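Novice: Here it is, the structure in full.
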Amino acid sequence: MVKEIFIVGSGMDGAATLTAEAGAAIAGADELIGSKRLLEPFGDFNKPVFESFSAAEIAAHIAESENKSAAVLMSGDCGFYSGARGLLPLLKDCDVKIIPGISAPVYFCAKLKMPWQDLHFVSLHGREGAVVRPVCSHEKTFFLLGGRLTPANICQRLTEYGLGGLTVHVGENFALENERIISAPARDLTELKTGGLCAVIAENPGFEPGLPALINDGEFVRGKTPMTKAEVRCVCVSGLNIGRDDVCWDVGAGTGSVSVEMAFRCGGGRVYAVERDPEAIKLIDQNRKKFGCDNIVPVHGGAPEILPSLPSPDRVFIGGSGGKLKETAAAVKAANPAAAVTATAVSLETLAELTGIFSEDSEITQIAVTRTKKFGAHTMLSAENPVFIVRGTLR
């Protein structure tokens with residue numbers, strides 16, 4: 001017997017926002033499965049119920065049950081950060097039909113009279129993640145909450161990074177009697193008390209229209225710390241092909257200029273800016289706030305000693321190693337042998353050392369930047385020191 005299973009998006013409250021198709025599937029099923037909160041509105045149906053939100057438990061129960069059909073209730077819509085994703089692969093022997101429901105962003109935007117086709121979605125449900133970076137790069141960002149981060153935390157982060165004037169919409173307990181929707185500047189909501197069922201939309205009319213690159217050196221807070229120059233920085237970072245969710249290491253981060261350009265590219269990931277100089281760590285913090293990169297984590301410590309304590313990297317830039325280049329490379333390889341690595345050298349001795357560290361199929365590029373300077377009525381050429389860029393994997 002092939003069991004018929006309906007995975008049902010039960011909307012916001014399982015009653016008023018339930019679609020007719022979902023209601024028919026629930027009424028016709030032999031039993032109902034879901035969390036206690038989702039099952040409660042259907043107590044009058046007098047059907048057998050199985051309370052669980054664990055995909056493995058639900059699948060095991062369905063396999064053992066004698067019922068021919070079941071409706072598995074999912075909150076909101078089955079395609080929006082839903083437990084349906086984990087359950088589907090466990091029901092291969094069943095005839096499964098997914099019935100969509102009204103999702104949180106659809107309901108929220110309807111209440112706000114706001115179109116939602118241009119929302120950028122970020123799930124912070126049960127996990128940490130960047131807040132400022134997605135807001136900086138999108139006009140409207142929807143945050144699904146339900147963990148350690150609260151709407152107040154989001155507003156505190158935005159305010160800390162100079163975005164306290166942005167309009168933030170906070171919604172909680174959608175479609176329930178105690179539903180609450182608040183719209184105000186982020187700075188006014190830093191102490192807001194809310195429950196666990198929350199969502200936030202942040203609006204940023206001045207969002208970045210494209211991917212920032214080749215940022216002028218003068219835009220960074222520099223102090224006396226050495227910095228990778230704009231053209232070299234651009235070539236190094238673009239050559240790493242950083243993915244949206246990648247974990248990156250910037251070893252010998254200096255002012256954090258490379259970290260910032262890395263962070264623009266991995267908005268859903270993290271950049272660990274490793275630097276031994278405490279003054280440079282302060283500059284990294286200043287620059288991450290200036291450029292809205294809360295996905296940069298300043299790490300005060302020297303390479304290679306501090307590297308084993310960091311999450312495994314996907315992409316690594318080695319701009320400085322304090323004379324421990326081989327040891328640093330060994331630590332990177334130990335963390336992830338497949339990591340893509342880029343390193344720079346300004347001397348032939350360092351280049352020779354790098355060629356012995358990188359694999360044979362790695363690429364070596366020499367870049368020489370010449371800029372112009374005005375001297376009275378004349379425009380003169382001013383050459384920067386040539387830089388060697390080595391890109392590839394480690395031996």
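Novice: Does the range 367-377 contain at least one residue that is in contact with a Pro (Cβ under 6 Å, 6 or more places away or on another chain) and either in a helix (DSSP H, G or I) or in the same structural domain as residue 251 (by TED's automatic domain parsing) (or both)?
Specialist: Looking only at the range 367-377, we keep the residues that are in contact with a Pro (Cβ under 6 Å, 6 or more places away or on another chain), and these are 368.
Okay, now just the ones that are also either in a helix (DSSP H, G or I) or in the same structural domain as residue 251 (by TED's automatic domain parsing) (or both), so 368.
Checked against the condition, which is being in contact with a Pro (Cβ under 6 Å, 6 or more places away or on another chain) and either in a helix (DSSP H, G or I) or in the same structural domain as residue 251 (by TED's automatic domain parsing) (or both), the range 367-377 yields at least one hit.
Novice: Turning to a different aspect of this structure: Got at least one residue in the range 58-75 being within 32 Å of the chain's Cα centre (by Cα), part of a helix (DSSP H, G or I), crowded, with 16+ Cβ neighbours inside 10 Å and assigned by TED's automatic domain parsing to the domain that holds residue 13? First the steps, then the outcome.
Specialist: Taking the range 58-75 first, the residues within 32 Å of the chain's Cα centre (by Cα) are 58-59, 72-75.
Filter once more, so that each one left must be part of a helix (DSSP H, G or I): 58-59.
Narrowing further to those that are crowded, with 16+ Cβ neighbours inside 10 Å: 58-59.
Now narrow it down to the ones that are assigned by TED's automatic domain parsing to the domain that holds residue 13: 58-59.
Within the range 58-75 (the criterion being within 32 Å of the chain's Cα centre (by Cα), part of a helix (DSSP H, G or I), crowded, with 16+ Cβ neighbours inside 10 Å and assigned by TED's automatic domain parsing to the domain that holds residue 13), the answer is yes, since at least one residue qualifies.
Novice: While we're here: Would you call residue 322 in contact with a helix residue (DSSP H, G or I) (Cβ under 6 Å, 6 or more places away or on another chain) and either crowded, with 21+ Cβ neighbours inside 10 Å or at positive phi (or both)? Spell out how you get there, then give the answer.
Specialist: Values: in contact with a helix residue (DSSP H, G or I) (Cβ under 6 Å, 6 or more places away or on another chain): no; either crowded, with 21+ Cβ neighbours inside 10 Å or at positive phi (or both): yes.
No: the conditions fail for residue 322.
Novice: For the range 84-118, what are the residues that are among the acidic types (Asp, Glu) and outside the structural domain of residue 73 (by TED's automatic domain parsing)? Steps first, answer last, please.
Specialist: If we filter the range 84-118 for residues that are among the acidic types (Asp, Glu), which is where we start, we get 93, 95, 118.
Residue satisfying the conditions is 118 alone.
Novice: Give me the pairs: first residue in the range 104-120 and over 12 Å from residue 141 (Cα atoms), second residue surrounded by fewer than 15 Cβ atoms within 10 Å (Cβ to Cβ), beta-carbon distance under 6 Å, and six or more apart or on different chains, which are they?
Specialist: From residues that are over 12 Å from residue 141 (Cα atoms), the pairs are 111/181.
Novice: Still on this model: If residue 208 passes every condition in (1) surrounded by 18 or more Cβ atoms within 10 Å (Cβ to Cβ); (2) touching a residue at least 60 places away in the same chain (Cβ under 8 Å); (3) touching a His at 6+ places or on another chain (Cβ under 9 Å) but one, which one does it miss?
Specialist: (1)
Novice: I need the full set of residues from the range 346-380 which are aromatic (Phe, Trp, Tyr) and either modelled with pLDDT of 95 or more or within 23 Å of residue 320 (Cα to Cα) (or both), in order please.
Specialist: Of everything in the range 346-380, just one residue is aromatic (Phe, Trp, Tyr) and either modelled with pLDDT of 95 or more or within 23 Å of residue 320 (Cα to Cα) (or both), namely 358.
Novice: Further, regarding this structure: Pairs under 8 Å by beta carbon, first residue surrounded by 13 or more Cβ atoms within 10 Å (Cβ to Cβ) in the range 355-384, partner among the aliphatic types (A, V, I, L, M) and part of a loop (DSSP other than H, G, I, E, B), six or more apart or different chains?
Specialist: Close Cβ pairs (under 8 Å, with a partner that is among the aliphatic types (A, V, I, L, M) and part of a loop (DSSP other than H, G, I, E, B)) amount to 384/368; 384/369.
Novice: Considering 157, 180, which residue is surrounded by fewer than 17 Cβ atoms within 10 Å (Cβ to Cβ) and either over 21 Å from residue 121 (Cβ atoms) or of a type in the set (Lys, Arg) (or both)? Walk me through how you get there before you give the answer.
Specialist: On the way: 157 fails: surrounded by fewer than 17 Cβ atoms within 10 Å (Cβ to Cβ).
The match here is 180.
Novice: For residue 134, only one of the following conditions fails: (1) assigned to a loop (DSSP other than H, G, I, E, B); (2) under 15 Å from the mean Cα position of the chain (by Cα). What is its number?
Specialist: The number of the failed condition is (1).
Novice: Here is a further query. Between residues in the range 238-266 that are at negative phi and residues that are polar (S, T, N, Q) and part of a strand (DSSP E or B), which pairs lie under 8 Å by C-beta distance while being six or more apart or on different chains?
Specialist: Matching pairs, first to second residue: 239/342; 240/342.
Novice: Further question: What about residue 353, is it farther than 22 Å from residue 280 by Cα and part of a loop (DSSP other than H, G, I, E, B)?
Specialist: Taking the combined requirement at face value, the residue does not satisfy it.
Novice: Select from the range 278-297 the residues that are surrounded by 20 or more Cβ atoms within 10 Å (Cβ to Cβ) and over 12 Å from residue 223 (Cα atoms) and list them in ascending order.
Specialist: If the condition is that a residue be surrounded by 20 or more Cβ atoms within 10 Å (Cβ to Cβ) and over 12 Å from residue 223 (Cα atoms), then 288, 291, 292, 293, 294, 295, 296 are the ones that fit.
Novice: Sticking with this one: Which residues, counting only those in the range 1-40, are among the hydrophobic types (A, V, I, L, M, F, W, C), closer than 23 Å to residue 174 by Cβ and crowded, with 16+ Cβ neighbours inside 10 Å?
Specialist: Within the range 1-40, 6, 7, 8, 12, 18, 22, 25, 26, 32, 33, 38, 39 qualify.
Novice: Pick out the one residue from 18, 38, 73 that is within 23 Å of residue 124 (Cα to Cα), at pLDDT below 95 and among the aliphatic types (A, V, I, L, M). Please lay out each step first, then the result.
Specialist: Values: 18 fails: within 23 Å of residue 124 (Cα to Cα); 73 fails: at pLDDT below 95.
Answer to the selection: 38.
Novice: I've got another one for you. Is one or more of the residues making up the range 100-113 assigned to a loop (DSSP other than H, G, I, E, B), closer than 24 Å to residue 153 by Cα and not acidic (Asp, Glu)? First the steps, then the outcome.
Specialist: Restricting attention to the range 100-113, the residues satisfying the condition of being assigned to a loop (DSSP other than H, G, I, E, B) are 100-103, 113.
Now restrict to residues that are closer than 24 Å to residue 153 by Cα: 103.
Add one more test, that the residue is not acidic (Asp, Glu), and what stays is 103.
Yes: the range 100-113 contains one or more residues that are assigned to a loop (DSSP other than H, G, I, E, B), closer than 24 Å to residue 153 by Cα and not acidic (Asp, Glu).
Novice: Among the residues of the range 141-191, which ones are among the aromatic types (Phe, Trp, Tyr) and more than 22 Å from residue 104 (Cα to Cα)?
Specialist: Initial filter on the range 141-191 (among the aromatic types (Phe, Trp, Tyr)): 142-143, 161, 174.
Correct list: 161 only.
Novice: Scan the range 330-350 for residues that are of a type outside the set (A, V, I, L, M) and assigned to a helix (DSSP H, G or I) and report the count.
Specialist: From the range 330-350, those of a type outside the set (A, V, I, L, M) are 333, 336-337, 342, 344, 347, 349-350; that's our starting set.
Still in the running and assigned to a helix (DSSP H, G or I): 333, 349-350.
Within the range 330-350, residues that are of a type outside the set (A, V, I, L, M) and assigned to a helix (DSSP H, G or I) number 3.
The values are calculated or read from the model by the stated rules, or taken from the named source; none is laboratory data. Note that the structure is predicted; figures quoted are calculated from it, not measured. When we count neighbours, we look across all protein chains shown, and the Cβ atoms used for this are built from the backbone with ideal geometry, even at glycine.
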